[in-house]
Amino acid sequence: MNGYWKANYLDSPFYFPILDIEFQQRDVVGDAQAELLITLIEESTRYYAPEEINYTVYLVDTSNEEYELIRNKDVYEEKPLLDELDADFFGLSIEEAERTNWRLLEGFDVEAEYMSSYVWDLTVAVLTQSDPDIANKITDLLAYLPPDDPEAQPYIEHLTCLLGYHYELSGDDETAVTTYLSLIRQAPSSPWSWLAWARLEPVE
């Protein structure tokens, strides 16, 4: 509004009273793209931090007119000055910032705009068995996701389990078992692996 960011809606996941919010848009990570810096100023509690005020700084990617959280960091000692914050403040490199583009499905030719919404569409298609090409779509998405990004790992585990369930519903028990076991070996502590174990029990 008039060249300045203005908050239209404020909410805190910790239910702390929000006192103020500040915005700034500039290139923080050095990739020649402007990111959005947001400082959320909240009234803290003695159970959360010894100080009375808590500052949370968010670094948001604004490429392609979409918004995606890159990093956030809490500051307790003093109010952070947005003009002085850089990539080191967030412990972020250009390469790491670019890796977040997969969340916006950049370079992946589908109509969906966000990873979460596309995974939801795939899940519905599996549960309803409404898409004969669903196995290829899930496999293509698994190949697209960066295996070295920890934030992509939950999606990989979800999709692998979903693929196994598709094979199970399709009557291809052998491929279903192979897919479930692959997930269990790769991510034994994942909730999706626990679900895969549950699906394997009737087979045993």
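Where a number appears in this text, it was derived from the coordinates with a stated rule and is not lab data. Given the structure is predicted, the values throughout are model-derived calculations rather than measurements. Methodologically, a virtual Cβ is constructed for each residue, glycine included, from the backbone with ideal geometry; neighbour enumeration extends over all protein chains shown.
How much net charge surrounds Ser130 when only the other residues with a Cβ under 13 Å from the Cβ of Ser130 are counted, with Lys and Arg +1 and Asp and Glu -1? Combined, the nearby Lys, Arg, Asp and Glu give -2. Each part gets one Cα centre, and for segment 70-93 versus segment 111-144 those centres are 36 Å apart. Extension gain, Asn72-Gln129: 0.36 nm per intervening residue step, less the Cα-Cα distance, totals 16.6 nm.
Rounded to the nearest 0.05, the FRET efficiency derived from the C-beta distance between Asp20 and Tyr114 at R0 = 30 Å is 0.55. The phi torsions of segment 136-142, fed into the Karplus equation with coefficients 6.51, -1.76 and 1.60 and a -60° offset, translate into couplings of 5, 5, 5, 4, 5, 5, 4 Hz, rounded to whole numbers, with Gly and Pro shown as x. Peptides 74-85, 135-146, 161-172, 29-40 ranked from most to least packed give 161-172, 29-40, 135-146, 74-85, packing being the mean of other C-beta atoms within 10 angstrom over each peptide's residues.
Pull out a ≥ b ≥ c, the square roots of the eigenvalues of the alpha-carbon gyration tensor of segment 100-190, then state rounded if a/c is under 1.5, prolate if not and a/b is larger than b/c, and oblate in the remaining case. Verdict is oblate for segment 100-190. All other residues whose Cβ lies under 9 angstrom from that of Tyr167 are scored, Lys and Arg at +1 and Asp and Glu at -1, for a net of -4.
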